[in-house]
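To start, the structure under review is shown below, and the notes come after it.
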Amino acid sequence: MEVGALMEIVIQPSYEEMCEEAFRSLLQEVKKKPTLVLGLATGKTPAGLYRRMVESHRSFRRMRFFNLDEFFGLGPEDPRSFRATLKRELLGPLNVPARNVYLLRGDVKDPNRAAEAYERVIHAVGGIDVQVLGIGRNGHIGFNEPGSSLGSRTRTKTLDTKTLVDYAGIFASPDEVPRFSITMGIGTILEARRILLLAAGRAKADVIHRMVEGAVTAEIPGSVLQLHSRVSVFLDEEAASKLARREYWKWIYANKWRVGQ
Ligand code: GLP
């Protein structure tokens, strides 16, 4: 059994330094297991981590890749789909063979069947080794919106009004944002062996405080990560600005080598 912090909080001065730390953690895992199964979040936040993977010119071609969520109704070629974004920004540049890529599609006829099949494939490859996550301003992880069942599996999920507003920018108007998504469930996410959650900017400060220092509640789905045994939360100063124990977390991270971590 590995010894380690349950929820490790890593606060860095800037977004770029935060991505660098997350990249270092991921690399350590890949060195241990070159065929690592990686779950990918989309959204703005992990872009700097993915850019580092691409710019490192290392080979990640033996890894297997899953995505966390997708807008229901968007075809795989739609540039706004998470699938297209991940292919454009990460999987294409990394030259990952198609046999190692398992991405949810938004244009499936029967999303419930697709969701069940996705769970079976995750199981068949031995489970997710490392899951990259972001967090929504309303506390969602993946598209598990507030009120989601804490034991949920991959399924369709109706998007919350806050999420529709947040995505209005990449669609022509809030009305055009798809109302449904397909997302790994909270239960699915909790089964990942290691979780790297990234959050940056002042807009995330409130939710990070509630996720890390508040109660575990379905109202803030990210708070359930307090129950996971290996989570690292990477933050820039702004996202960490409302943590009551900010200085404590920083001290721990700087001194963890003293206890052999
Ligand atoms: C989105 C996605 C998540 C993402 C999160 C944060 O709605 N469903 O996968 O992690 O919200 O997005 P961002 O990093 O752009 O703030």
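The values are calculated or read from the model by the stated rules, or taken from the named source; none is laboratory data. Remember, it's a predicted structure, so these values are computed and weren't measured experimentally. The area values use the complete protein model at the heavy-atom level, side chains included, leaving out ligands, DNA and RNA. Shrake-Rupley method; radii C 1.70, N 1.55, O 1.52, S 1.80 Å.
With N set to the residue count of segment 179-261, report its C-alpha Rg divided by 2.2 N^0.38 Å to two decimal places.
On the way: Rg = 14.0 Å, N = 83, 2.2 N^0.38 = 11.8 Å.
Taking N as the residue count of segment 179-261, the ratio is 1.18.
Going down the list LYS32/LYS162; LYS33/LYS87; LYS32/LYS250; LYS33/LYS157; LYS87/LYS157, which pairs span over 30 Å between their C-alpha atoms? Where the Cα-Cα span goes over 30 Å, the pairs concerned are LYS32/LYS162; LYS33/LYS157. Its Cα gyration tensor gives the chain an equivalent ellipsoid. The semi-axes, each the square root of 5 times an eigenvalue, are 27, 22, 18 Å from largest down. Helical content of the chain, expressed as a calculated mean residue ellipticity at 222 nm, amounts to -9000 deg cm²/dmol (DSSP H runs of 4 or more residues, -39,500 (n - 2.57) each, divided by residue number, nearest 500). Rolling a 1.4 angstrom probe over the chain with all protein chains present gives an accessible area of which 52% lies on carbon and sulfur atoms.
Over the chain, with the other protein chains present, what is the accessible area per residue in square angstrom, probe 1.4 angstrom? Intermediate values should be presented prior to the final figure.
On the way: 12130 Å² over 261 residues.
That works out to 46 Å² for each residue.
Restricting the calculation to Cα atoms, segment 1-141 shows an Rg/Rh of 0.95 when the hydrodynamic-style radius is the Kirkwood one. The alpha carbon radius of gyration of segment 75-229, expressed as a multiple of 2.2 N^0.38 Å, is 1.04.
Exposure check, 1.4 Å probe, all protein chains in place: GLU238 carries approximately 80 Å² of accessible surface. Going by accessible surface with a 1.4 Å probe and the largest first, ARG61, ARG88, ARG99, ARG246 read ARG99, ARG88, ARG61, ARG246.
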